[in-house]
Each structure stands twice: as structure tokens, then as C-alpha cells.
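For reference, the structure is listed below as C-alpha cells.
The values are calculated or read from the model by the stated rules, or taken from the named source; none is laboratory data. Please read these numbers as outputs of a predicted model, since none were measured by experiment. Virtual Cβ from ideal backbone geometry, glycine too; neighbours counted across all protein chains shown.
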Amino acid sequence: MFDLTGRVAFITGGNGGIGLGMAKGLAAAGASVVIAGRNKAKAKTALAEIAALGGRAEFAELDVLQEASCKQAIDGAAKRCGRLDILVNNAGTSIRKPPQELSAQDWHQVMDTNLTAAFLCAQAAYPHMAKAGGGKIINIGSMMSVFASSYAAPYAASKGGIVQMARALAVAWAKRFCLVWPTRSLSSVPACSTSMCAYQTLR
């Protein structure tokens, strides 16, 4: 459907679930894929699955809760691969509790993993994409980006925040590259509109 030969994609949490599915899809389209995470054993299995499909992939150790780790992993991948074209901010977590039972630590763990880490990775990717004159950043949203939940307040807040963060970055960086994020809800409509504005400016 599209050709990504010669492009490099960096996927946080790319060793399983949605992240691995996206890694396989990008690799199938010809991209060289960097799957980033903490679990090396899980990553080894993921790399084997991608290789079995004929894709090219490598692993980058990453702790999204550490700013230095985000920068080091992305800078290292760009240096090894010679470029960075696509960032997928996929790493995420959730703590399912009623709001009155959540601790401040619970709140920060979810917000830092789902939202702050996405910003830090986008910020780390920016100079590489700006230097290349283009790139794509994909942030993973959720139905809870727009719908309320009684058991996942920090998750819903983080996913609502990632939509607004992506819009803000799209406006700020539209002249250089397009930001897109898939969602599981009707919020994909404004998401597409925002990313298309950035794409048209880029063109």
C-alpha cells in the first residue's frame, strides 16, 4: 500500500501488543525498525517474529520514565541507522482503581509513562527530523481520550492530554513534519484534521 524503504522507525514498547503490531506493519512496508523497551527477553522474541516476516529490526534499551534514557535511546538509534523518520509513542500503562483509592505515586506512574514520556521522546526526535527536513510522530490515543471512566482517572487524563499535546506539537512543528496519532474512538476525526493541516503545510 505504501513504501517505507530506506526509512527508520522507532517504536516505544515495540516488543509486544499494539507496538509489535505496528513494528511488523512498518517493517513489512520496508522500514528499518527499532523496537525500544526494558524487557530484553521479550524483545528478542519480537525481533525473531519480525525477521521471520522478512523485516529488519533491532532493539534499543529504553526506560521511558527516565529523560536521559529517552534521549540516549533515540540519539543512539539515529546515529546507528543514519537517520530517524518515524517515532511511535506506544509505551503505556494503566492502574485500575476508583479515584479515591489512587495514590499520588499511582497517578504519577501512569501520567509519566503515558504522557510525559511521549513528550520527552518527541522532543528527543525533533532535532533528527528537523535536520532531515521531515518526519512523522504517531501518538497512541484511546477511547478514553474523550470518554470518562470510573476506574482509570489517570489513564483517561493521560490519553486526553496526549491528544492536546499532539495538536500543540503539530502546530509548532508543522513547517517541518506532520504529527499523526491513531485512536480507538471518534476523536480520530479531529486528529486527522489536525495532522492534515500539518501535512499540507509541510507539502
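Tabulated data
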quantity: Odd one out for A68, checked against (1) in contact (Cβ under 8 Å) with a residue 24 or more places away in the chain; (2) in a helix (DSSP H, G or I); (3) surrounded by fewer than 17 Cβ atoms within 10 Å (Cβ to Cβ); calculated: (1)
quantity: Residue match in region 1-9 (condition: among the aromatic types (F, W, Y), modelled with pLDDT of 95 or more and more than 15 Å from the chain's Cα centre (by Cα)); calculated: no
quantity: Residues of region 32-59 that turn out to be small (G, A, S) and assigned to a helix (DSSP H, G or I), as a count; calculated: 6
quantity: Qualifying residue in region 104-127 (condition: among the hydroxyl-bearing types (S, T, Y) and closer than 14 Å to F10 by Cα); calculated: yes
quantity: Residue satisfying all of: in region 10-54; of a type in the set (S, T, N, Q) and either under 19 Å from A125 (Cα atoms) or buried (at least 24 other Cβ atoms within 10 Å of the Cβ) (or both); modelled with the lowest pLDDT among these; calculated: N15
quantity: Scan of region 140-164 for residues that are closer than 16 Å to A91 by Cα, modelled with pLDDT of 90 or more and not β-branched (V, I, T), ordered by number; calculated: P154, Y155, A156, A157, S158, K159, G160, G161
quantity: Hits in region 1-22 - residues which are under 15 Å from L84 (Cβ atoms) and assigned to a helix (DSSP H, G or I); calculated: none
quantity: Qualifying residue in region 102-111 (condition: buried (at least 19 other Cβ atoms within 10 Å of the Cβ), modelled with pLDDT of 95 or more and within 22 Å of A170 (Cα to Cα)); calculated: no
